[in-house]
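The values are calculated or read from the model by the stated rules, or taken from the named source; none is laboratory data. Because the structure is predicted, anything quoted here is derived from the model rather than measured. Cβ atoms come from the backbone with ideal geometry, glycine included; neighbour counts cover every protein chain shown.
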Amino acid sequence: MKEINDIALVAQVAVFHNKRAFGQLVEKYQSPVRRFLLNLTSGDVELSNDLSQETFIKAYSNITSFKNLSGFSTWLFRIAYNVFYDYLRSRKDTSSLDDVVLQPQSSEPDAAMKLDVHNAMRLLTPNERTCVSLHLMEDLPIDKIAQITGMPEGTIKSHISRGKAKLSTYLKNNGYGR
């Protein structure tokens with residue numbers, strides 16, 4: 001039912017240039033896309049917001065290229081994935097995204113835990129971070145992740161396994177899970 005509604009909204013955008021229909025798609029997928037990009041950027045809120053905005057601009061501009069071969073969400077996450085890697089390739093300086101030092105941005109009780117999770121995610125390779133984010137945080141199955149990333153399913157499973165092991169070790173060493 002969810003996909004049928006998405007397809008109807010996409011059709012309204014593609015055929016009638018209905019911006020309200022696209023607004024509904026943005027409203028529905030904005031949080032998951034931002035969360036995905038936040039994990040890929042190791043907690044850089046501003047960068048993930050910028051990349052999210054670019055993702056939706058590209059989705060709107062290219063909505064007619066959506067062929068319904070996969071779900072709209074898969075297509076949208078593929079765009080977000082490409083936007084993130086385009087950003088990495090376009091960086092002129094030699095500093096790594098992993099060199100970013102994260103500081104708590106609020107006094108929420110779980111801000112420290114969120115910071116620890118983002119710091120743990122920084123230990124992962126970009127491919128591990130992508131696969132772990134999509135599988136564990138966005139609850140996508142392996143076959144959808146394969147469609148988004150273009151990686152073979154076995155490779156995705158390996159990235160998830162290694163990523164989970166690294167996350168587990170880091171979090172246990174920082175007082176979680178005891």
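Conditions (1) in contact with a Pro (Cβ under 7 Å, 6 or more places away or on another chain); (2) modelled with pLDDT under 95; (3) under 30 Å from A8 (Cα atoms), marked per residue:
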position	(1), (2), (3)
D93	no, yes, no
S106	no, yes, no
M137	no, yes, yes
D143	no, no, yes
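In the set D139, D116, only one residue is among the acidic types (D, E) and surrounded by 13 or more Cβ atoms within 10 Å (Cβ to Cβ); that residue is D116. Contact list please: Cβ distance under 8 Å, first residue in the stretch 13-28 and closer than 15 Å to N62 by Cα, second residue surrounded by fewer than 17 Cβ atoms within 10 Å (Cβ to Cβ) and charged (D, E, K, R), pairs at least six apart or on different chains. Pairs that qualify, where the first residue is closer than 15 Å to N62 by Cα and the partner is surrounded by fewer than 17 Cβ atoms within 10 Å (Cβ to Cβ) and charged (D, E, K, R), are V13/K19.
Quick check, is S73 under 21 Å from D139 (Cβ atoms), of a type in the set (G, A, S) and in a helix (DSSP H, G or I)? In short, yes.
List the number of the failed condition for S161; all other conditions in (1) farther than 23 Å from S31 by Cβ; (2) touching a residue at least 12 places away in the same chain (Cβ under 8 Å) hold. Of (1) farther than 23 Å from S31 by Cβ; (2) touching a residue at least 12 places away in the same chain (Cβ under 8 Å), only one is false for S161: (2).
For (1) closer than 28 Å to C131 by Cα; (2) assigned to a helix (DSSP H, G or I); (3) not β-branched (V, I, T), each residue gets a yes or a no:
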site	(1), (2), (3)
Q12	no, yes, yes
V15	no, yes, no
R20	no, yes, yes
L25	yes, yes, yes
S31	yes, yes, yes
R34	yes, yes, yes
D50	yes, yes, yes
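For the structure I just gave you, tell me whether D98 is surrounded by fewer than 16 Cβ atoms within 10 Å (Cβ to Cβ), part of a helix (DSSP H, G or I) and at pLDDT below 95. It is true that D98 is surrounded by fewer than 16 Cβ atoms within 10 Å (Cβ to Cβ), part of a helix (DSSP H, G or I) and at pLDDT below 95. Scoring P32 on the criteria (1) in contact with a Leu (Cβ under 7 Å, 6 or more places away or on another chain); (2) within 21 Å of N127 (Cα to Cα) leaves a single failure, condition (1).
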